[in-house]
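**Q** Okay, handing you the structure first.
The values are calculated or read from the model by the stated rules, or taken from the named source; none is laboratory data. Not measured: the values here are computed from a predicted model. Here Cβ is always computed from backbone atoms with ideal geometry, including for glycine, and neighbour counts include all displayed protein chains. What goes into the accessible areas is simple: the full protein's heavy atoms, side chains included, and nothing from ligands, DNA or RNA. Shrake-Rupley method; radii C 1.70, N 1.55, O 1.52, S 1.80 Å.
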Amino acid sequence: MPHSPTTRRRCHRLLTGSLGALLAIAAATAPARADVGDLKEYPVPTADSAPAGITAGPDRALWFTETGSGGIGRITTGGKVTEYAVPTANSNPFDITTGPDRALWFTETGAGRIGRITTAGRITEFPVPWAGSGPLGITAGADRALWFTDSGTNSIGRITTGGRASSYPIPTPDSLPYHIAAAPDGSMWFTEILAGKIGRIDRSGNLTEFPLPTGFEFPSDIASGPGGMWFTASDQIGRITLQGAITLFPRPNPDGGADGITRGPDGNMWYADQFGRIGRITPRGVVTEFAVPGGADKVPFNVATGADRNIWFTELIGNAVGRVQALPGRGDRPHAAEVTAAATARTVRDRERPALRLPCGAGRVVKALAAFCR
């Protein structure tokens, strides 16, 4: 049964409010080591900041959103953090990307705005010019515009660097479009976390949806990688070709909550697991997961590849930004705790429908909200 406008607004407020009101836990800095999987964490100075989105900036630093405190953070590869306050109160900045103009662009889920910050820290905000907007994911397109998911209006938005915006409705009602990424052919691909679908939109606004096997996979983040677009889906990592063929790879920790994903400097895909791990999957589907110390209480959330060729991630509850070694070093100390599995790929054919298995547990912020909204 479709949700009423009141229910949709309540779900949207719950999503933004929950992300903005998370309590922080002090993050301890682990000793640096020099081999694949070694981790180091850097606390964010502002308490309860709830770091969420992260991206590599044009200045060789990492930039991240502070959903809880309403700020934008910058961290150098040496760990120095600078913070900038977003002018609009209760804006809940969520995702962030580097734009075609060498500025950083971010979504303000609570305020219905798209923000822009220069590497010098100057912020400009563009109100989304339609009612009920709740932008979440954002990325730069090949057309030199910014594309974003709009959870409030169940649509995909596009905004030029001059602030001119347009909207494209998603056919499936109440799909909750979440993250979005550009493909090599210029199309944009996005996840529909409530509908259990992967969407594609071309430069002309033509939109196609690809259902996942059960509709309860809760696809989260998405990124371009070897052989197509890779996405996280709770206890699986998925790949969809540009023609729409889907392959799902099981993870070694079936109760995990995979979220952010990015292509690493080693040619593999790296992802964050909100239950306390950073994962790596090869193009053939071999999965390795590295434990974040105390990570189940810190909620690793999103990931990006830095200029130092390491993987950087946000800790939504841990109030920190972390770094994991992505390439072999010269250190002779043991790796961080890891679990490796030669994952057996399951290619989706004939619309197979395995038994439903809903994700749940501490730290699964968005998926718990998704279950409520459904």
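**Q** Taking L23 as the residue in question, decide whether it is closer than 30 Å to R102 by Cβ and at pLDDT below 95. Break it down stepwise before answering.
**A** Values: closer than 30 Å to R102 by Cβ: no; at pLDDT below 95: yes.
Taking the combined requirement at face value, the residue does not satisfy it.
**Q** Quick one: which strands (runs of 3 or more DSSP E) sit completely within region 199-271 and have at least 2 residues that are in contact (Cβ under 8 Å) with a residue 40 or more places away in the chain, buried (at least 22 other Cβ atoms within 10 Å of the Cβ) and among the β-branched types (V, I, T)?
**A** Fully inside region 199-271 and qualifying: 236-240, 258-263.
**Q** Here is a follow-up. Restricting to region 64-80, and then to whatever is touching a residue at least 12 places away in the same chain (Cβ under 8 Å) and open to solvent by 30 Å² or more (accessible area, probe 1.4 Å), can you tell me which residue is farthest from G112 (Cα to Cα)?
**A** T77
**Q** State the number of residues belonging to region 272-285 that are polar (S, T, N, Q) and either open to solvent by less than 10 Å² (accessible area, probe 1.4 Å) or in contact with an Asp or Glu (Cβ under 6 Å, 6 or more places away or on another chain) (or both).
**A** 1
**Q** Determine which member of the set P171, P129 is part of a loop (DSSP other than H, G, I, E, B), touching a strand residue (DSSP E or B) at 6+ places or on another chain (Cβ under 6 Å) and open to solvent by 50 Å² or more (accessible area, probe 1.4 Å).
**A** Among P171, P129, only P129 is part of a loop (DSSP other than H, G, I, E, B), touching a strand residue (DSSP E or B) at 6+ places or on another chain (Cβ under 6 Å) and open to solvent by 50 Å² or more (accessible area, probe 1.4 Å).
**Q** A further question on this structure: Filter region 32-72 down to the residues that are of a type in the set (D, E) and at pLDDT 95 or above, then identify the one that is nearest to T149 (Cα to Cα). First the steps, then the outcome.
**A** Narrowing region 32-72 to residues of a type in the set (D, E): 35, 38, 41, 48, 59, 66.
Subset that is at pLDDT 95 or above: 41, 48, 59, 66.
Details: E41: 30, D48: 25, D59: 26, E66: 19 Å.
Step by step, filter region 32-72, then rank; the result is E66.
**Q** Looking at the structure I just gave you, is D101 surrounded by fewer than 24 Cβ atoms within 10 Å (Cβ to Cβ), in contact with a Ser or Thr (Cβ under 6 Å, 6 or more places away or on another chain) and touching a residue at least 40 places away in the same chain (Cβ under 8 Å)?
**A** yes
**Q** On to the next question. Can you pull out every residue in region 272-285 that is in a strand (DSSP E or B) and under 14 Å from W230 (Cα atoms)?
**A** A272, G279, R280, I281
**Q** Hey, another quick one. From the list T65, T77, T88, T55, which residue is closer than 30 Å to G132 by Cβ and part of a loop (DSSP other than H, G, I, E, B)?
**A** T88
**Q** Restricting attention to region 43-52, report how many residues are out of contact with any helix residue (DSSP H, G or I) (no Cβ under 9 Å at 6 or more places or on another chain) and part of a strand (DSSP E or B).
**A** 2
**Q** Among the candidates T139, T149, T160, which residue alone is open to solvent by 30 Å² or more (accessible area, probe 1.4 Å) and either of a type in the set (K, R) or in contact with a strand residue (DSSP E or B) (Cβ under 9 Å, 6 or more places away or on another chain) (or both)?
**A** Values: T139 fails: open to solvent by 30 Å² or more (accessible area, probe 1.4 Å); T149 fails: open to solvent by 30 Å² or more (accessible area, probe 1.4 Å).
Going through T139, T149, T160 in turn, just one is open to solvent by 30 Å² or more (accessible area, probe 1.4 Å) and either of a type in the set (K, R) or in contact with a strand residue (DSSP E or B) (Cβ under 9 Å, 6 or more places away or on another chain) (or both): T160.
**Q** OK, next. Taking region 286-309, which residues are in a loop (DSSP other than H, G, I, E, B) and surrounded by fewer than 24 Cβ atoms within 10 Å (Cβ to Cβ)?
**A** The first filter runs over region 286-309 and keeps only residues in a loop (DSSP other than H, G, I, E, B), leaving 292-294, 298-299, 306-309.
P293, G294, G306, A307, D308, R309 - these are the residues of region 286-309 that are in a loop (DSSP other than H, G, I, E, B) and surrounded by fewer than 24 Cβ atoms within 10 Å (Cβ to Cβ).
**Q** Go through region 232-255 and give me each residue that's over 17 Å from E289 (Cβ atoms) and within 19 Å of the chain's Cα centre (by Cα).
**A** R239, I240
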